[in-house]
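**Student:** Can you keep this structure in mind? I'll have questions shortly.
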Amino acid sequence: MGSTKKGKSAKGKPAKSGKGAAEAPGGKPAGPGRRHAPFSELLRCPPGPVDVTAFDSSATPGAIGNKAETRLAMPGFGERLADLQERLFAAAQAAGDHRRVLLVLQGMDTSGKGGTVKHVVGAVNPYGCQIRSFKTPTKEELKHDFLWRIRQALPSPGHLGVFDRSHYEDVLIARVRELVPRTVWARRYGTINRFEERLADDGCTVVKCFLHISPETQRERLMARLDDPTKHWKYNPSDVDERLVWPEYAEAYNAVLTKCNTEAAPWHVIPSDRKWYRDYAVMMLLIEAFEGLGLEWPPGDFDLAEEKARVAAS
């Protein structure tokens, strides 16, 4: 299984930040170089104990080129993703297909969850997309088990669902900030695994992405928000409080990536210091997930020649 270990590619060779060997949708090379493993393998979190500090947050495994070249290619990939999503939506509407795709975005503050939604998911027709951001639980949500609000937000058949933060908050911030006793959050890993397995069995493809940034990159992005009056609304003083417990969050993410990295719903580690690569990598993961469904346009339940004649005569 591939990984993005610090300074190395999935095969143990130095990671390249320039032209790589990405493959365009349909199996054709998207840029110079030889072909490589699918992104679902290239970025998949390896099994066993995980140390997030061992992953290079500035790596660009599978990149098709530099920042400018990648951004130039992104609209084409966006069109492919939109086409695939529309096929899924059409299958649900016309043929009762109950399959759907759920993108889970987790990461430290400023890792780019909102940016990914804007630049990647933004390519999809809004009619076929359902986006949910999970903040501090409301009083109503606290009356139920921690997965209750998650179940309410699951995508409908034919849709691409997006979680900006997710049920993993209940084993991340809940653990770091001791919002519940250890005996409570420790049981949640197994509960989450069973929940995601049921989703997979029910036709929901779960694509989990850990947007991995360095503390230095986060500092730069927070400072950039303070330096730009148009970004002050995005700045939250509590982000600095969370920075002060970065090691504790690293341990919490280590546990998440170790305990909840299953065959039914594996984790992918997305190096996110470079925004352009982050967007590209998530785009490719989604395209691969949709292509894996073998989607075709559903046929009409009418006589084509007869309907053409009726329309012509109308």
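The values are calculated or read from the model by the stated rules, or taken from the named source; none is laboratory data. Here the structure is a predicted model, which is why all the values come from computation and not from measurement. Positions of Cβ are generated from backbone atoms using ideal geometry, with glycine treated the same way; all protein chains shown enter the neighbour counts. Each accessible area value is taken on the protein alone, full model and side chains, heavy atoms only, with ligands, DNA and RNA left out. Shrake-Rupley method; radii C 1.70, N 1.55, O 1.52, S 1.80 Å.
**Student:** Looking at (1) in a loop (DSSP other than H, G, I, E, B); (2) within 27 Å of Asp202 (Cα to Cα), which is the one condition that is false for Val104?
**Tutor:** The failed condition is (1).
**Student:** A further question follows. Quick check: is even one residue across region 97-120 more than 16 Å from the chain's Cα centre (by Cα) and without any contact (Cβ under 8 Å) to a residue 24 or more places away in the chain?
**Tutor:** Scanning region 97-120, I find no residue that is more than 16 Å from the chain's Cα centre (by Cα) and without any contact (Cβ under 8 Å) to a residue 24 or more places away in the chain, so the answer is no.
**Student:** Looking at (1) closer than 26 Å to Pro38 by Cα; (2) hydrophobic (A, V, I, L, M, F, W, C); (3) outside any loop (DSSP other than H, G, I, E, B), which one does Leu293 not meet, given that it meets all the others?
**Tutor:** Single failed check for Leu293: (3).
**Student:** Here's something else I'd like to know. Residues of region 141-175 being part of a loop (DSSP other than H, G, I, E, B), charged (D, E, K, R) and either within 15 Å of Val207 (Cβ to Cβ) or touching a residue at least 40 places away in the same chain (Cβ under 8 Å) (or both), which ones?
**Tutor:** Arg165
**Student:** Right, Gly12: surrounded by fewer than 17 Cβ atoms within 10 Å (Cβ to Cβ) and either under 23 Å from Thr217 (Cα atoms) or at pLDDT below 95 (or both) or not?
**Tutor:** On the way: surrounded by fewer than 17 Cβ atoms within 10 Å (Cβ to Cβ): yes; either under 23 Å from Thr217 (Cα atoms) or at pLDDT below 95 (or both): yes.
Answer is yes for this residue.
**Student:** Okay, moving on. Within region 107-140, can you find the residues that are in a helix (DSSP H, G or I) and open to solvent by less than 30 Å² (accessible area, probe 1.4 Å)?
**Tutor:** Listed by number, the residues that qualify are Lys113, Gly115, Thr116, Val117, Val121, Gly128.
**Student:** Kindly evaluate Gly158 against the criterion of being over 28 Å from Arg187 (Cβ atoms), modelled with pLDDT of 95 or more and surrounded by fewer than 17 Cβ atoms within 10 Å (Cβ to Cβ). Lay out the reasoning, then the answer.
**Tutor:** Working: over 28 Å from Arg187 (Cβ atoms): yes; modelled with pLDDT of 95 or more: yes; surrounded by fewer than 17 Cβ atoms within 10 Å (Cβ to Cβ): no.
It is false that Gly158 is over 28 Å from Arg187 (Cβ atoms), modelled with pLDDT of 95 or more and surrounded by fewer than 17 Cβ atoms within 10 Å (Cβ to Cβ).
**Student:** Something else about it: What's the number of the only condition in (1) at pLDDT 95 or above; (2) of a type outside the set (D, E, K, R); (3) over 23 Å from the mean Cα position of the chain (by Cα) that Leu199 fails to meet?
**Tutor:** So Leu199 meets the others, but not (3).
**Student:** Of the conditions (1) under 15 Å from the mean Cα position of the chain (by Cα); (2) modelled with pLDDT under 95; (3) among the polar types (S, T, N, Q), Asn261 fails just one. Which one is it?
**Tutor:** Evaluating Asn261 over (1) under 15 Å from the mean Cα position of the chain (by Cα); (2) modelled with pLDDT under 95; (3) among the polar types (S, T, N, Q) leaves (2) as the failure.
**Student:** How many of the residues in region 209-266 are open to solvent by less than 30 Å² (accessible area, probe 1.4 Å), among the small types (Gly, Ala, Ser) and over 19 Å from Glu169 (Cβ atoms)?
**Tutor:** Residues in region 209-266 being open to solvent by less than 30 Å² (accessible area, probe 1.4 Å), among the small types (Gly, Ala, Ser) and over 19 Å from Glu169 (Cβ atoms): 1 in total.
**Student:** Within the bounds of region 212-224, is there any residue that is in contact with a Cys (Cβ under 9 Å, 6 or more places away or on another chain), touching a residue at least 24 places away in the same chain (Cβ under 8 Å), small (Gly, Ala, Ser) and under 21 Å from Leu43 (Cβ atoms)?
**Tutor:** No, region 212-224 contains no residue that is in contact with a Cys (Cβ under 9 Å, 6 or more places away or on another chain), touching a residue at least 24 places away in the same chain (Cβ under 8 Å), small (Gly, Ala, Ser) and under 21 Å from Leu43 (Cβ atoms).
Residues are listed down the side, and each one gets a yes or a no for (1) out of contact with any Leu (no Cβ under 9 Å at 6 or more places or on another chain); (2) at pLDDT below 95:
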| position | (1), (2) |
| --- | --- |
| Pro32 | yes, yes |
| Ser40 | no, no |
| Lys67 | yes, no |
| Ala91 | no, no |
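**Student:** I'd like the residue in region 65-101 that is open to solvent by 10 Å² or more (accessible area, probe 1.4 Å) and in a loop (DSSP other than H, G, I, E, B) and, out of all such residues, is farthest from Cys204 (Cα to Cα).
**Tutor:** In this case the residue turns out to be Asn66.
**Student:** Within region 253-270, how many residues turn out to be within 18 Å of Arg194 (Cβ to Cβ) and either of a type in the set (Phe, Trp, Tyr) or in a strand (DSSP E or B) (or both)?
**Tutor:** Going through region 253-270 one residue at a time, the tally reaches 1.
**Student:** Examine region 181-200 for a residue that is open to solvent by 40 Å² or more (accessible area, probe 1.4 Å), of a type outside the set (D, E, K, R) and not in a helix (DSSP H, G or I), and state whether such a residue exists.
**Tutor:** Scanning region 181-200, I find at least one residue that is open to solvent by 40 Å² or more (accessible area, probe 1.4 Å), of a type outside the set (D, E, K, R) and not in a helix (DSSP H, G or I), so the answer is yes.
**Student:** Has region 124-131 got any residue that is without any contact (Cβ under 8 Å) to a residue 12 or more places away in the chain and over 27 Å from Pro247 (Cα atoms)?
**Tutor:** Taking region 124-131 and keeping what is without any contact (Cβ under 8 Å) to a residue 12 or more places away in the chain, we get 126.
Filter once more, so that each one left must be over 27 Å from Pro247 (Cα atoms): 126.
So far as region 124-131 goes, yes, one or more of its residues are without any contact (Cβ under 8 Å) to a residue 12 or more places away in the chain and over 27 Å from Pro247 (Cα atoms).
**Student:** Right, something else. Before we move on, is Glu307 modelled with pLDDT under 95 and crowded, with 17+ Cβ neighbours inside 10 Å?
**Tutor:** So Glu307 fails the test.
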